[in-house]
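Engineer: Structure in structure tokens, see below.
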Amino acid sequence: MTQTTSADVVIVGTGVVGVVVAEQLLDAGHSVLMLEAGPRVSRAEVVENYRNLPLGLKGSASSSYPPKPWAPHPMPGDDYLQLEGPDSYAQTYIRYAGGSTWHWAGTSWRLTPEDMRLNSLYGVGRDWVFDYDTLDPYYNMAEQKLGICGPSDPALQWPPRPRSAPYPMPPLPFSPGEEKFTRVMKEALGYTNLPVSQARNSGMPYDDRPACCGNNNCVPVCPIGAKYDAATALNRLEAKGAVILSNAVAHRIETGEGNRIEAVHYLDPERQEHRVTGKHFVIACNAIETPKLLLMSADSRNPNGLANSSDQVGRNMMDHPQLGLTLTLDEPYWLGQGPVVNSGIMETSQGDFRAEHAGAYFRMNNFARNRYETFNALATGKVGRALDE
Ligand SMILES: Cc1cc2nc3c(=O)[nH]c(=O)nc-3n(C[C@H](O)[C@H](O)[C@H](O)COP(=O)(O)OP(=O)(O)OC[C@H]3O[C@@H](n4cnc5c(N)ncnc54)[C@H](O)[C@@H]3O)c2cc1C
Ligand code: SF4
């Protein structure tokens, strides 16, 4: 079979960014070629990997996705990300077709208008160069594309304000534990525990994905595909005409006359070099691999790497710092029915205090605790009936 080596638009990366851009281009009648560093795997294969993990690794977000030698990605305890300085950076991502949403939790909050005007409102940081109203239609489009379920009622938003378009699906119900937590928070502290907006199908199929059945396995993988991950879109993109080349690791972007991008070079697993051309290029390899590829593509016209006249490519990356707190309670709370994240407290995220310190969002983790109790029981040597008990 002859390999397609050219298209109107070449997209590097088949994560959520790559596939959302690809679908809009295909719908507008453009030809699309996608390069993907990692393998194309079935959901059943990932679920089987998960089943076969040793107990101690079942809680790991990435262990069900063993990295391929030609497309490594960070794994717990390895040195793929070479860090300088005293702080560790334990974040993971996945270089498989479909990218990192394979193992994401699916929480899909928007920024608020206030978040985008920190300097004007609170005298800290920098304002965005455009305002929330400019971004709003794109949020609506993304929510349609990913199939977000969430509370459209302004009373369940924080800050409480009407949305310009409802979420595509209503929120999922709370687990018994979340209902109880919501009641206690209100009574004891006056806080409202709100339903999370999330990329899951609530009560209805959406985009050929079934409704969430609440089995609480969202991280590392939703076994039925009710949670959006970009892999759920790949067959649809191909049906619309996209060509997806997996196991194709882009390692150089080639510039030509006028410093326009002319081609992307990739290596296959045998380290054979290939070149694909296009009229336009989208580099959607994620916040770490995209800067890496741009910097690796330095040439005589761009000695500091591509798109880097500012010298800021690969700098200033931020993640969201988080603290975890686990409680042992006197009475059963019955967590674990429904998705792993389904509710949270937002009131603590906005206010004039932001001039002094950052806003905080309290996420109620709805993880089933059976797994951890099982580890503890096994660690004490319990087997058979004693383990069941
Ligand atoms: C455990 C976990 C939970 C998370 N939960 C949430 C959440 O609840 N809500 C939220 O908003 N975010 C969450 N995130 C973050 C979210 O998953 C990522 O921000 C998002 O998936 C990034 O999308 P992307 O398309 O930019 O990159 P990716 O999804 O990483 O996709 C990049 C793609 O490019 C490919 N690629 C990389 N290098 C090359 C190359 N050289 N050549 C060809 N292809 C290449 C990769 O294989 C991959 O397919 C979570 C992340 C983790 C790890
Ligand atoms: S709760 Fe189960 S069905 Fe629902 S998104 Fe999570 S893993 Fe999928």
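Engineer: So how exposed is W128, as accessible area in Å² (1.4 Å probe, rounded to 10)?
Structural biologist: Approximately 110 Å² for this residue.
Engineer: Working with all protein chains in place, sort K68, K186, K279 by solvent-accessible area computed with a 1.4 Å probe, largest first. Walk me through the intermediate numbers first.
Structural biologist: Details: K68 65, K186 105, K279 130 Å².
Descending order: K279, K186, K68.
Engineer: Shifting gears a bit: How large is the accessible surface of V184 in square angstrom, using a 1.4 angstrom probe and rounding to the nearest 10?
Structural biologist: Accessible area, nearest 10 Å²: 60 Å².
Engineer: For the chain, what does the helix formula give at 222 nm: sum of -39500 (n - 2.57) over DSSP H segments with n ≥ 4, over the residue count, nearest 500 deg cm²/dmol?
Structural biologist: -6500 deg cm²/dmol
Engineer: Return a whole-number percent for the relative contact order of the range 123-215, with Cα pairs under 8 Å and 6 or more residues apart as the contact set.
Structural biologist: Working: 97 pairs, mean separation 25.7, N = 93.
Worked out over the range 123-215, it gives 28 percent.
Engineer: Can you pull the three principal axis extents for the Cα set of the range 51-93, in Å, largest first?
Structural biologist: 37, 25, 13
Engineer: Also, quick follow-up: For the range 137-202, what is the Kirkwood hydrodynamic radius in Å, using each pair of distinct C-alpha atoms?
Structural biologist: When all Cα pairs of the range 137-202 are included, the Kirkwood radius is 12.8 Å.
Engineer: I'd like the Karplus ³J(HN,Hα) series for the range 21-35: coefficients 6.51, -1.76, 1.60, θ = phi - 60°, whole numbers in Hz, and an x wherever there's a Gly or Pro.
Structural biologist: Using θ = phi - 60°, the values come out as 5, 4, 5, 5, 5, 4, 5, 8, x, 8, 7, 10, 10, 10, 9 Hz.
Engineer: Let me ask something else about it. What number comes out for accessible area per residue over the range 1-146 if the probe is 1.4 Å? Units Å², please. Each step should come with its number before you reach the end.
Structural biologist: Working: 7570 Å² over 146 residues.
Using a 1.4 Å probe on heavy atoms only, each residue of the range 1-146 averages 52 Å².
Engineer: Shifting gears a bit: Could you order E262, E178, E187 by accessible surface area, starting with the largest, using a probe radius of 1.4 Å?
Structural biologist: E187, E262, E178
Engineer: Tell me, what is the Rg over Rh of the range 122-172, with Rh the Kirkwood radius over Cα pairs?
Structural biologist: My calculation puts Rg/Rh at 1.05.
Engineer: Enter the per residue convex hull volume of the range 1-98, computed from alpha-carbon coordinates, in Å³ rounded to the nearest integer.
Structural biologist: Per-residue hull volume (Cα only) is 159 Å³.
Engineer: Additional query: How compact is the range 108-240 by the rule of thumb for globular proteins, expressed as Cα Rg over 2.2 N^0.38 Å?
Structural biologist: Normalised Rg, Cα atoms only: 1.22.
Engineer: By how many nm would the segment from H30 to L55 lengthen if fully extended, with 0.36 nm per residue of separation less the alpha-carbon distance? Working shown, then result.
Structural biologist: Details: separation 25, 0.36 × 25 = 9.00 nm, distance 4.68 nm.
Stretched fully, the H30-L55 segment lengthens by 4.3 nm.
Engineer: Restricting things to alpha carbons, find the Rg to Rh ratio for the range 9-57 using the Kirkwood radius for Rh.
Structural biologist: Taking Rh as the inverse mean 1/r over Cα pairs, Rg/Rh reads 1.20.
Engineer: Consider a paramagnetic label point 7 Å from the Cα of E254 along Cα→Cβ; state which residues of the range 1-39 have an amide N under 20 Å from it.
Structural biologist: The answer is 2-13, 32-37.
Engineer: Output the relative contact order of the range 249-389, whole-number percent, from Cα pairs under 8 angstrom with separation of 6+ residues.
Structural biologist: 13 percent
Engineer: Straight-line reach only, C-alpha to C-alpha below 27 angstrom: list the lysines that K279 could link to, leaving out same-chain residues fewer than 8 apart.
Structural biologist: K279 reaches K145, K240, K292.
Engineer: Still on this structure: T4 accessible area, nearest 10 Å², 1.4 Å probe?
Structural biologist: 60 Å²
Engineer: With a 1.4 Å probe and all protein chains kept in place, how do Y228, Y138 rank by accessible area, largest first?
Structural biologist: Sorted descending by solvent-accessible area, the residues read Y138, Y228.
Engineer: With labels modelled as points extended 7 Å from the Cα through the Cβ direction, what inter-label distance (nm, one decimal) is found for Q322 paired with Q82?
Structural biologist: So the two model labels end up 3.0 nm from each other.
Engineer: Evaluate 2.2 N^0.38 Å with N set to the residue count of the range 192-264, then give the Cα radius of gyration divided by it. Intermediate results must be reported in sequence, preceding the final value.
Structural biologist: Numbers: Rg = 18.8 Å, N = 73, 2.2 N^0.38 = 11.2 Å.
Here the answer is 1.67, to two decimals.
Engineer: Sticking with this structure for a sec: With N denoting the number of residues in the range 339-383, provide Rg(C-alpha) divided by 2.2 N^0.38 Å, to two decimal places.
Structural biologist: Taking N as the residue count of the range 339-383, the ratio is 1.91.
Engineer: Can you say what percent of the DSSP beta bridges in the chain, counting only those with both residues inside, are antiparallel? Round to 5.
Structural biologist: Of all bridge pairs located within the chain, approximately 60 percent are antiparallel.
Engineer: Please report the projected area of the chain's Cα convex hull averaged over all directions, in nm².
Structural biologist: Details: hull surface 93.5 nm².
The number I arrive at for the chain is 23.4 nm².
Engineer: Leaving out ligands, DNA and RNA, what percent of the accessible area of the chain is carbon and sulfur, probe 1.4 Å?
Structural biologist: About 55 percent, which is the carbon plus sulfur part of the accessible surface.
Engineer: If you don't mind, another one. Three principal axis extents, largest first, for the C-alpha atoms of the range 289-365, in Å?
Structural biologist: Taking max minus min along each principal axis of the Cα atoms, the range 289-365 gives 67, 34, 18 Å.
Engineer: Relative contact order for the chain using alpha-carbon pairs under 8 Å, separation at least 6, rounded to a whole percent?
Structural biologist: Contact order relative to length: 22 percent.
The values are calculated or read from the model by the stated rules, or taken from the named source; none is laboratory data. Note that the structure is predicted; figures quoted are calculated from it, not measured. Every residue, glycine among them, receives a Cβ derived from its backbone with ideal geometry; neighbour counts consider all protein chains shown. Remember, those area values only see protein heavy atoms, side chains included, never the ligands or the DNA or RNA. Shrake-Rupley method; radii C 1.70, N 1.55, O 1.52, S 1.80 Å.
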